[in-house]
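Structure record follows, encoded as structure tokens.
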Amino acid sequence: MGWIDYGIVIGYFIIMIIIGFLHQKKAAQNTRSYFLGGNKLPWWITAMSLSMASIDITGTMVNVSVFYYMGIRGFYYSIWIVSGIALMAHLGRWIRRSNVITAAEWMTTRFGEGLAGELPRLTVAVVSIGMLIGMVAYSFVGVGKFVAEFVPAVSSDAGNNIAILGIIVIGITTLYSVLGGLFSVAYTDLVQTLILVLVTMYISVMAFITVGPEFIASNTPPGWDQLTMTSTIEYLKNVSLAGYEKGAFYNILPWFMMWVIQTMLAFFSGPAGGPGMQFMLSTKSPRDTCKQAAGLQILAFPRWTLIAGLALLALTMKVNVQDTDTIVPVIINTVIPMGLKGIVLIGFLAAFMSTFSISINNGCSYIINDVYLRHIRPNASGKEFVLVTYSVSALVVISGVVLGIGMQSILELSIWIFSIMFGSMIVPMVLRWYWWRFNGWGFAAGIGSAFLIAVLQKILQKGGLVDWPDYYFYYFMISFSFVVSIAVSLLTPPTDEKTLKKFYASIQPWGFWKPIHKKILKSNPHFRKENMAKLDFFNMVVGAVSIFALNILPFYFMLHNWAMSAKLFVIFVVTAIILYFTWYKTLPTDKSELAVSESQHSHTEIETVEASQVYN
């Protein structure tokens, strides 16, 4: 890079830190201000912030590598993104109605107080913190490899050089995200989104003009542009992706099934915590949460244009790198001219900083709100709260960096975190919404046992004790989690009736809640339950088709496949029109939410009167 490029990057870092200082006072008012922006952030800003999180630099590096080697079928590695439509259809309004600060706090609304309610809350907090540390390691390895391609080496040892550069970038990002809480995260993401959009347009146009259909056909193996999944991919037989042996993805079907099962479960689980849950809780109303989820789905699709563009540019270079994780920085350093390189670099750093800052803010909310303020210092002053938040953030980042130093491949880390680690939580996360008999003991046992398997997987694989592929661990883990969750729930007492009634009346989920519904009607004949299950299912199916078409469209457009592009565009437009009438027109309004709230309060008042009569 030239001096102009360095100046652009340094200037960008300074601006981000200034934004953090500007929002420091506002964020320090209380925990709701720090972690949820005081529920005053516009839904479109939080949607932008979440969309930035989906275009993180490490994820982009992984997806470009997967797409470059696997072709169009590499999209199935990220097929889980279509499950986000469930947040727009129904889960978004359910989550926002809980009116809590963290996913762990939500457990109290579902499982009640006492040990049976506290155990799930602590379990989610501990597992989420573990996942956050894993995310820091994942980000640390990725950004270190990325930056190392552009700046002079600070160490003669390649591994040390990557580590030092990763620490520098992560340190700057931690500083502004910790200072300003969710306010600085959201508003810096607004700036970063605009930067990344410009970078995406530049790279996509360059790739579209440079790489034609004849070149693609002559420089890719047969079937590379095929969307239909097959049991094997012949041209992957001798390919070794970072962290995996040669031919590990040749038998693609079991990998595909793992990704599809995860996606199907995610349709009904909602976030296991993480930034998605935090931003949904930060909106002004359930209606805004649903709109936020829709905005995220639409704003996230340009990432595929960027990924396709980078992979096509890699074809022109006939990339041959020892570390397949580094395709993206090699392309940028080779193709982008001086001056523009600095702008492109800050675009990718913006993507990284967005994801990382959201993760830190979210992870610390568990430690501060669910552990420190709840069990250690419930009466902590504002100054103490801020100091502890800063200290905890630093500790989490340091832990992630230490873990990342021992890791080599971001693809391997990506599959472990997003499929295995997240998968360890997903079965209990589904059961919590739809089955009244599922209790806190079953929840904690289901997640705890699966999380232990997820951690043991890496220990056993790295120690050479087990050579199972990742998908074997996944299938075993979710099956074991399901059996444990059901068995423990049935062998222990159900959640207390008062908690279940309050949850059902306020959240109004559909599923196996008939016994609770009958009991509420018995005490409150005027109770009215919204009847949205069939419409929610319909919107999920139509929405999944719509989002799948929207996200796969950029690949075929960049491949100059006009026939397929036209079909996908028509599918998206038709399904979007349908959703306008079946989803947007039926979104919860202030009036309908008031009715839900009044229904809950009337039920609560009746229960209070009954309890008073019993007491007297």
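The values are calculated or read from the model by the stated rules, or taken from the named source; none is laboratory data. Here the structure is a predicted model, which is why all the values come from computation and not from measurement. With ideal geometry, Cβ positions are generated from the backbone for all residues, glycine too; neighbour counts draw on all protein chains shown. The protein model used for the area step is the full one, side chains on, heavy atoms only, and it has no ligands, DNA or RNA in it. Shrake-Rupley method; radii C 1.70, N 1.55, O 1.52, S 1.80 Å.
In segment 137-158, the condition of being touching a Ser or Thr at 6+ places or on another chain (Cβ under 8 Å), under 24 Å from M429 (Cβ atoms) and modelled with pLDDT of 80 or more is met by at least one residue. Taking the criterion of being among the β-branched types (V, I, T) and open to solvent by 10 Å² or more (accessible area, probe 1.4 Å), the residues of segment 509-546 that qualify are V541, V542, V545.
Looking only at residues of segment 383-440 that are among the basic types (K, R) and over 22 Å from the mean Cα position of the chain (by Cα), we find that the one that is farthest from W106 (Cα to Cα) is K383.
If you check I216 against the conditions, is it modelled with pLDDT of 85 or more, touching an Asp or Glu at 6+ places or on another chain (Cβ under 8 Å), under 23 Å from I331 (Cβ atoms) and assigned to a helix (DSSP H, G or I)? Considered against the rule, which asks whether it is modelled with pLDDT of 85 or more, touching an Asp or Glu at 6+ places or on another chain (Cβ under 8 Å), under 23 Å from I331 (Cβ atoms) and assigned to a helix (DSSP H, G or I), I216 comes out as yes.
Scanning segment 512-554 for residues that are part of a helix (DSSP H, G or I), over 30 Å from I72 (Cβ atoms) and of a type in the set (S, T, N, Q) yields a single hit, S523.
As for segment 316-325, it holds at least one residue that is at pLDDT below 75, part of a helix (DSSP H, G or I) and open to solvent by less than 50 Å² (accessible area, probe 1.4 Å). Of all residues in segment 125-148, none satisfies being open to solvent by 10 Å² or more (accessible area, probe 1.4 Å), charged (D, E, K, R), in contact (Cβ under 8 Å) with a residue 60 or more places away in the chain and over 29 Å from M258 (Cα atoms).
Could you say whether any residue in segment 406-415 is assigned to a helix (DSSP H, G or I), open to solvent by 10 Å² or more (accessible area, probe 1.4 Å), acidic (D, E) and touching a residue at least 24 places away in the same chain (Cβ under 8 Å)? Reasoning before the result, please.
Taking segment 406-415 first, the residues assigned to a helix (DSSP H, G or I) are 410-415.
Add one more test, that the residue is open to solvent by 10 Å² or more (accessible area, probe 1.4 Å), and what stays is 412.
Filter once more, keeping what is acidic (D, E): 412.
Still in the running and touching a residue at least 24 places away in the same chain (Cβ under 8 Å): 412.
Yes - at least one qualifying residue is present in segment 406-415.
In segment 297-311, the count of residues that are farther than 20 Å from A549 by Cα, among the basic types (K, R) and open to solvent by 10 Å² or more (accessible area, probe 1.4 Å) is zero.
Taken over segment 468-496, the residue count meeting the criterion of being open to solvent by 80 Å² or more (accessible area, probe 1.4 Å) and within 15 Å of R432 (Cα to Cα) is 3.
Please tell me if M88 is at pLDDT 85 or above, assigned to a helix (DSSP H, G or I) and buried (at least 24 other Cβ atoms within 10 Å of the Cβ). The answer is yes for M88. Of all residues in segment 135-163, those satisfying the criterion of being closer than 21 Å to I4 by Cβ and not in a loop (DSSP other than H, G, I, E, B) are F146, V147, A148. Summed over segment 419-456, the residues that are buried (at least 22 other Cβ atoms within 10 Å of the Cβ) and free of Cβ contacts under 8 Å to residues at least 60 places away in the same chain give a count of 9.
Summed over segment 458-489, the residues that are among the charged types (D, E, K, R) and within 24 Å of the chain's Cα centre (by Cα) give a count of 2.
Of the helices (runs of 4 or more DSSP H) lying entirely inside segment 224-308, those containing at least 2 residues that are of a type in the set (K, R) span 286-299. Output the residues belonging to segment 98-115 that are in a helix (DSSP H, G or I) and either among the β-branched types (V, I, T) or open to solvent by 30 Å² or more (accessible area, probe 1.4 Å) (or both). Across segment 98-115, the qualifying residues are E105, T108, T109, L115. Which of the residues belonging to segment 199-247 are within 28 Å of F352 (Cα to Cα) and of a type in the set (G, A, S)? Answer for segment 199-247, where residues must be within 28 Å of F352 (Cα to Cα) and of a type in the set (G, A, S): S204, A207, S240, A242, G243.
Here is a list: F527, F512, F548. Which entry is closer than 30 Å to P302 by Cβ and hydrophobic (A, V, I, L, M, F, W, C)? That would be F548, the only listed residue that is closer than 30 Å to P302 by Cβ and hydrophobic (A, V, I, L, M, F, W, C). With respect to the conditions (1) closer than 24 Å to P428 by Cα; (2) assigned to a helix (DSSP H, G or I), P509 lacks only one, and its number is (2).
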